[in-house]
Amino acid sequence: MADLFAPDDLPPVPAEAPLADKLRPRALADVVGQDHLTGPDGAIGRMVAAGRLSSIILWGPPGTGKTTISRLLADAVGMRFEPISAVFSGVADLKKVFAAARDHARRGEKTLLFVDEIHRFNRAQQDSFLPFVEDGTVTLVGATTENPSFELNAALLSRAQVLILRRLDATALEQLLERAESLMERPLPLDAAAREALLASADGDGRFLLNQVETLYSIGVPQPLDPAGLSALLHRRVAVYDKDREGHYNLISALHKSLRGSDPQAALYYLARMLTAGEEPLYVLRRLVRFAVEDIGLADPQAVVQCLAAKDSYDFLGSPEGELAIVQACLYCATAPKSNAAYSAMKSAWRSARETGSLMPPQNILNAPTKLMKTIGYGKGYQYDHDAQDGFSGDNYWPEEMQPQSFYAPTERGFEARIAERMAYWDRLRAERRPK
């Protein structure tokens with residue numbers, strides 16, 4: 001079974017082993033990013049100190065050390081480690097595992113049964129664990145990336161403690177980079193900005209990060225890379241358009257730019273050039289809808305309505321009558337107030353989402369349909385806006401690790417001027433009601 005790390009009792013790692021295997025921790029203290037569990041005051045740290053391990057479910061994102069911790073746990077408390085994967089195992093495999101564990105128990109050997117992807121076992125298979133967990137034949141350590149409340153039987157959850165692993169933060173990932181550089185005896189060929197970009201690209205996944213690092217070392221970069229060079233090296237380029245359709249793309253570009261420049265006469269000319277040359281009307285309509293949301297947006301919310309109505313009209317009337325509806329949509333877009341605020345907001349929000357990865361929303365705005373989720377704080381302290389003064393609570397909706405961002409900045413043109421007034425009003429109330 002694939003593993004990021006492994007304990008001391010495994011055979012020596014061959015020279016050609018992946019970097020992630022070479023850097024496997026040899027003790028729980030070497031595991032990065034999970035001090036809240038493995039530290040002296042953490043649940044796992046206390047179990048190891050007491051020399052007694054209870055059944056647990058490790059819930060967390062990929063590449064955060066679930067398998068690693070399980071292996072090291074068995075070693076730390078002197079238990080036999082038995083790994084299985086729910087992806088590749090069935091009832092017959094489980095019976096063999098339980099029979100072997102019972103034999104070892106008769107000889108005084110305790111078994112830690114590690115079940116990777118435990119959520120992939122169906123309800124009946126999960127129930128089969130219960131008698132062996134209850135009588136102590138095995139101590140179950142299950143690993144899952146899915147919410148245990150939804151994926152695991154209540155009976156199994158009641159017999160195991162759910163421990164939540166955190167995505168690796170920048171400090172933990174930086175530790176992995178430093179260990180890799182120490183092992184390779186040379187620094188990564190990256191400047192400071194590219195190093196930050198590499199950490200961000202891992203999205204909290206230590207295994208992914210080390211795989212990227214291994215690629216960088218294997219290529220042999222002569223000079224340190226900047227972020228652009230790093231991106232070009234680790235990602236494929238997007239294919240360009242076929243050159244034999246250059247005239248087609250020249251005309252659609254001219255139409256789009258004329259609309260953006262609020263020149264209805266030029267826009268109508270290029271529209272005519274395309275349609276009279278036999279361009280598919282639905283293609284032009286799709287481009288008009290795109291223009292309406294990219295270059296007009298909320299400055300005139302009716303623009304996209306006009307374009308979609310033109311599409312329906314063309315479908316209903318056909319050619320040549322339906323082409324007049326396309327002309328009307330074209331002229332409406334050309335003469336409408338322009339704003340790309342929504343488009344710019346989308347790009348900024350997408351960029352922020354890529355950079356911040358899988359940060360959890362604040363727990364107060366998370367639903368808590370299960371007892372476990374309530375116990376760990378989901379939904380606690382949520383303020384229902386309709387019960388607040390002016391129907392506005394001013395609550396915080398951003399992840400704890402992020403400062404509130406500003407993506408959408410409405411213009412003073414068209415309907416967006418009214419939107420800007422509303423947003424300013426809410427910002428003022430939010431500042432007034434924010435805890436001092």
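The values are calculated or read from the model by the stated rules, or taken from the named source; none is laboratory data. Only a predicted model underlies this, so the values are computations on that prediction, with no experimental measurement involved. Positions of Cβ are generated from backbone atoms using ideal geometry, with glycine treated the same way; all protein chains shown enter the neighbour counts. Ligands, DNA and RNA are stripped out before the accessible areas are found, and what is left, the full protein with its side chains, is counted by its heavy atoms. Shrake-Rupley method; radii C 1.70, N 1.55, O 1.52, S 1.80 Å.
Just to be sure, is Gln212 open to solvent by 50 Å² or more (accessible area, probe 1.4 Å) and closer than 19 Å to Pro18 by Cβ? It is false that Gln212 is open to solvent by 50 Å² or more (accessible area, probe 1.4 Å) and closer than 19 Å to Pro18 by Cβ. Is it true that Leu140 is assigned by the TED database to the domain that holds Pro61, in contact with an Asp or Glu (Cβ under 8 Å, 6 or more places away or on another chain), part of a strand (DSSP E or B) and open to solvent by less than 50 Å² (accessible area, probe 1.4 Å)? Judged against the criteria, Leu140 is not a match. Residue pairs whose Cβ atoms lie under 7 Å apart, separated by 6 or more positions or on different chains, with the first residue in segment 342-353 and part of a helix (DSSP H, G or I) and the second at pLDDT below 95 and exposed (fewer than 15 other Cβ atoms within 10 Å of the Cβ), are Ser352/Gln405.
Could you look through segment 41-63, keep only residues that are touching a Ser or Thr at 6+ places or on another chain (Cβ under 9 Å) and open to solvent by less than 10 Å² (accessible area, probe 1.4 Å), and pick out the one that is farthest from Ala143 (Cα to Cα)? Step by step, filter segment 41-63, then rank; the result is Ile44.
There is no residue in segment 284-299 that is open to solvent by less than 40 Å² (accessible area, probe 1.4 Å), assigned to a helix (DSSP H, G or I), in contact with a Gly (Cβ under 8 Å, 6 or more places away or on another chain) and more than 30 Å from Tyr408 (Cβ to Cβ). If you filter segment 300-320 down to residues that are touching a residue at least 24 places away in the same chain (Cβ under 8 Å), more than 16 Å from Thr335 (Cβ to Cβ) and over 36 Å from the mean Cα position of the chain (by Cα), you find that the one that is least open to solvent (accessible area, probe 1.4 Å) is Tyr314. In segment 382-408, what residues are hydrophobic (A, V, I, L, M, F, W, C) and under 19 Å from Lys347 (Cα atoms)? Within segment 382-408, Trp398, Met402, Phe407 qualify.
Based on this model, can you work out whether Phe150 counts as open to solvent by less than 50 Å² (accessible area, probe 1.4 Å) and under 33 Å from the mean Cα position of the chain (by Cα)? Don't jump to the end; show me each part of the working.
Working: open to solvent by less than 50 Å² (accessible area, probe 1.4 Å): no; under 33 Å from the mean Cα position of the chain (by Cα): yes.
So Phe150 does not fit the description; no.
Selection of segment 163-188 for residues being in a loop (DSSP other than H, G, I, E, B) and open to solvent by 20 Å² or more (accessible area, probe 1.4 Å) yields Arg166, Arg167, Asp169, Glu185, Arg186, Pro187.
When Ala345 is tested against (1) among the aliphatic types (A, V, I, L, M); (2) under 16 Å from Leu255 (Cα atoms); (3) out of contact with any Cys (no Cβ under 6 Å at 6 or more places or on another chain), exactly one condition is not met: (2). Looking at segment 1-108, the helices (runs of 4 or more DSSP H) lying wholly inside it that each contain 3 or more residues that are at pLDDT below 95 and over 27 Å from Phe132 (Cβ atoms) sit at 19-22.
From Ser339, Ser406, which residue is surrounded by fewer than 12 Cβ atoms within 10 Å (Cβ to Cβ) and part of a loop (DSSP other than H, G, I, E, B)?
Details: Ser339 fails: surrounded by fewer than 12 Cβ atoms within 10 Å (Cβ to Cβ).
None of the other options fit; the residue is Ser406.
Check whether at least one residue in segment 237-257 is open to solvent by 60 Å² or more (accessible area, probe 1.4 Å), at pLDDT 95 or above and charged (D, E, K, R), and report yes or no. Yes, segment 237-257 has at least one match.
If you go through segment 267-278 and pick out every residue that is surrounded by 16 or more Cβ atoms within 10 Å (Cβ to Cβ) and either assigned to a loop (DSSP other than H, G, I, E, B) or of a type in the set (Gly, Ala, Ser) (or both), you end up with 1.
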